[in-house]
Every structure is written in structure tokens, then in C-alpha cells.
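Visitor: This is the structure I want to talk about, given as C-alpha cells.
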Amino acid sequence: MPEGPSIILMKESLQPFVGKQVTEASGNAKFDKDPLTGQTLHEIRTFGKQTYLVLDQQAIRIHLLMFGSYSVDEQTKPDKSLRLSLIFKTGSLYFYTCSVKSVDLEFLSSIDWEADIMSDAWNPQKAEKKLKSKPQMMVCDALMDQDIFSGVGNIIKNEVLFRIGVQPESLIGNLPPKKLKELIAEARNYSFDFLEWKREFVLKKHWLVHTKTTCPKCGQKLVKKQTGLGKRRSFYCEKDQKLY
DNA sequence: GGAAATGTTAACTG
DNA sequence: GCAGTTAACATTTC
């Protein structure tokens, strides 16, 4: 489920627990969960695809990876696959199939929050600068680079490149300045569309090329291919997306 | 039932 | 030691 926008939705569902005290913590996450009991949840912060639960003495970093999930106030008894549960007087949180780590509070200040595509702190000029320093990078890899576009996933990548008419294997350095700006603007813009569609459960309906076989613009067959160093699948139209 | 997939990290190789 | 490649993880969908 998790690309950046989905994480925002998760943050929203966790929000009611801010300011509450943990009364019990369990699960198979590989760190000492006993100290969590008694700490207060001060803040939920998201960075790209990661979520930080900020407590008194530490923060818990949650990354859902490919198949992670979570639930709030679960009725059924959680099974042994439970990675982490946090019980509060007012309710409970459960996380499954995800990466859960405990980090120092200081670690949070080392994060480049301006790289988060979903954040108010998002800094397009900074992204542009980072891109310009890597002219040999393919755009498909650049979009997936979590240091530049934190929160962008494979779906967003494919849709953004189609929207701006750029072939995934184009090199950053070959893009005209205008296209580069479009790339940055659309990465953020599409992420917010993604968020709203996801919220309304209509995301799949709005996919133009991802998992599709024909181009919605010209009707030609789309190319499906593993691209870039990340070797992630790309869907694109040879006619409507130009190779720079 | 098999293969592939919205992702990251650890463990390899040369 | 390094950069680059591969394996591992684990669940849902087609």
C-alpha cells in the first residue's frame, strides 16, 4: 500500500493518539519494547515513506515496505505476525509486516525534511540542485531516489513521466530546464492527486499508464520494461514520451 | 499454484 | 575497502 501519500493517510489515522500515554507495548519487533510503556506520544512525523512516532525518550521509525499494514482499535485478536502494538487507554495501534526501529530523538534533526515530497517544507529549488548534480542519472531512478523525492514510489514515477511526456530512460542532464522544472512540479502535484484519490478509494481508476497496456492518448501499445539501476518496471508510450 | 509487485537493507561478488 | 549486484524479507493479487 505504501507510497508517500498513503503514509499521510496513516498519519491521519494515528493522530488521535497524540498526547496519550502508552500503557502496553508488544509484538515481534527486534528491540526492547518495555521502555515504551509509560511514555507519551508527542507527535507523528512522516518523512517520505517513513513514519516516526515521537515519544518522551525515543522515536519509533516505521516503514511499511512493500506489504506493510496497520490497523487502529482492532477487534479481532492480533496473531503472531504482529510486529508492534501500542495500547493506550483510549485505543490501540497495530502494525504488521513492516520495518520497525527505535531511533534517538536526535536522529530526527538529522533528517532533510525539505526532501519530503508531501511536506510543507518541500523545497523544489533544492531538488533541482540535487538533480543537476547528477546529470548521468536516468529520470526513472531520479524520481525513485528517496534523498531527492522522498515519498515517490513506482506508481507515482510512471504516472508523472507520462504526464510530462518524458521517457523513463532519459538522462537528467539531457532534459531542457523547463522539463526539469516540470518533473519536479509534477512529482509533487501528482502525489497530492494520488492522496485524494487514495482517500476516496478511486486511485486505480485514475491510473493512465501504470499496469496498463495501451496509451490513453494515442491508443498505441504501451511499452512495459524494467528500467534504470533500480530495475523497476516502467510503463510508457514510445510515441507520447520523448527520450532525451 | 506460480509469478509478480506500491520497497529497503544485508550480504554477497569482483 | 569500494562499487555494483543479488538475496532476503513477506503478503496480496492476478
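Readers should treat all values here as calculations from the given coordinates under stated rules, not as data from a laboratory. Just so it is clear, the structure is predicted and the values come from calculations on it, not from any experiment. Note: ideal-geometry Cβ built from the backbone for every residue, glycine included; neighbour counts use all protein chains shown.
Visitor: Would you calculate the separation in nanometres between label points at A:Phe31 and A:Lys126, each defined as 7 Å from the Cα along the Cα-to-beta-carbon direction?
Guide: Inter-label distance under the simple model: 2.3 nm.
Visitor: Return the single residue from A:Val160, A:Val22, A:Val202 with maximal mean-square fluctuation; model: Gaussian network over chain A, springs between Cα atoms under 10 Å.
Guide: Highest fluctuation of the listed residues: A:Val202.
Visitor: Based on the mean of other Cβ atoms within 10 Å per residue, sort peptides A:179-186, A:209-216 so the most packed one is first. Show your work: numbers first, answer last.
Guide: On the way: A:179-186: 19.5, A:209-216: 15.9.
Result, highest mean first: A:179-186, A:209-216.
Visitor: Charges at C-beta only: +1 for Lys and Arg, -1 for Asp and Glu. How large is the resulting dipole of region A:120-186 about its Cα centre, in Debye rounded to 20?
Guide: Details: 10 positive and 9 negative charges, 58 e Å.
Using only the charged Cβ atoms, the result is roughly 280 debye.
Visitor: Would you work out the charge dipole size for chain A about its Cα centre, treating the Cβ of every Lys and Arg as +1 and the Cβ of every Asp and Glu as -1, and quote it to the nearest 20 debye? Mind dumping the intermediate values first?
Guide: Working: 37 positive and 29 negative charges, 243 e Å.
Roughly 1160 debye for chain A.
Visitor: Non-local amide H neighbours of A:Phe47 (under 5 Å, H modeled in plane, Pro and chain starts lacking H): which ones?
Guide: So A:Phe47 has HN proximity to A:Tyr52.
Visitor: Determine the alpha carbon to alpha carbon distance for each of A:Lys179/A:Lys239; A:Lys129/A:Lys239; A:Lys204/A:Lys239; A:Lys198/A:Lys239; A:Lys179/A:Lys225 and list only those over 27 Å.
Guide: Correct reply: A:Lys129/A:Lys239; A:Lys198/A:Lys239.
Visitor: Right, something else. What ranking do A:Leu9, A:Leu175 get, fewest neighbouring Cβ atoms within 10 angstrom at the top?
Guide: A:Leu9, A:Leu175
Visitor: Report Rg (one decimal) and Dmax (nearest whole number) for region A:113-236, counting Cα atoms only, units Å.
Guide: Taking only Cα atoms of region A:113-236, I get Rg and Dmax of 13.9, 40 Å.
Visitor: By how many nm would the segment from A:Leu208 to A:Asp73 lengthen if fully extended, with 0.36 nm per residue of separation less the alpha-carbon distance?
Guide: So the chain would gain 45.0 nm between A:Leu208 and A:Asp73.
Visitor: Quick one: helix A:177-199 against the long Cα principal axis of chain A, what's the angle to the nearest 10°, folded into 0 to 90?
Guide: Roughly 50 degrees between the two axes.
Visitor: Hey, can you grab everything whose amide H is under 5 Å from the amide H of A:Lys20? Only 5+ residues off in sequence or another chain; H modelled, so Pro and N-termini drop out.
Guide: Correct list: A:Leu41.
Visitor: What residues have an amide H closer than 5 Å to that of A:Val166, excluding those fewer than 5 places away on the same chain, when H is modeled at 1.01 Å from N in the peptide plane?
Guide: A:Lys242
Visitor: Any idea which of A:Gly219, A:Ile184, A:Gln57 is furthest toward the positive side of the dipole for chain A, if Lys and Arg beta-carbons carry +1 and Asp and Glu beta-carbons -1?
Guide: Farthest towards the positive end: A:Gly219.
Visitor: Arranged by the count of other C-beta atoms within 10 angstrom, fewest first, what order do A:Ser133, A:Ser99 take? Mind dumping the intermediate values first?
Guide: Values: A:Ser133 10, A:Ser99 15.
By the 10 Å Cβ count, ascending: A:Ser133, A:Ser99.
Visitor: Exposure proxy check: A:Tyr244, A:Tyr236, A:Tyr96, A:Tyr70 ranked by fewest other beta carbons within 10 Å?
Guide: Lowest to highest Cβ neighbour count: A:Tyr244, A:Tyr96, A:Tyr70, A:Tyr236.
Visitor: So, one more: Among rounded, prolate and oblate, which fits region A:4-109 when a ≥ b ≥ c are the square roots of the eigenvalues of its C-alpha gyration tensor, a/c under 1.5 means rounded, and a/b larger than b/c means prolate?
Guide: Cα axes put region A:4-109 in the rounded bin.
Visitor: Taking the Cα centre of region A:4-109 as origin and charging only Cβ (+1 Lys, Arg; -1 Asp, Glu), how large is the dipole, in debye to the nearest 20?
Guide: The calculation lands at about 260 debye.
Visitor: Let me ask something else about it. Can you tell me the equivalent ellipsoid semi-axes for chain A? Use √(5λ) from the Cα gyration tensor, largest first, whole Å.
Guide: Numbers: eigenvalues 270, 78, 40 Å².
Semi-axes from the Cα gyration tensor: 37, 20, 14 Å.
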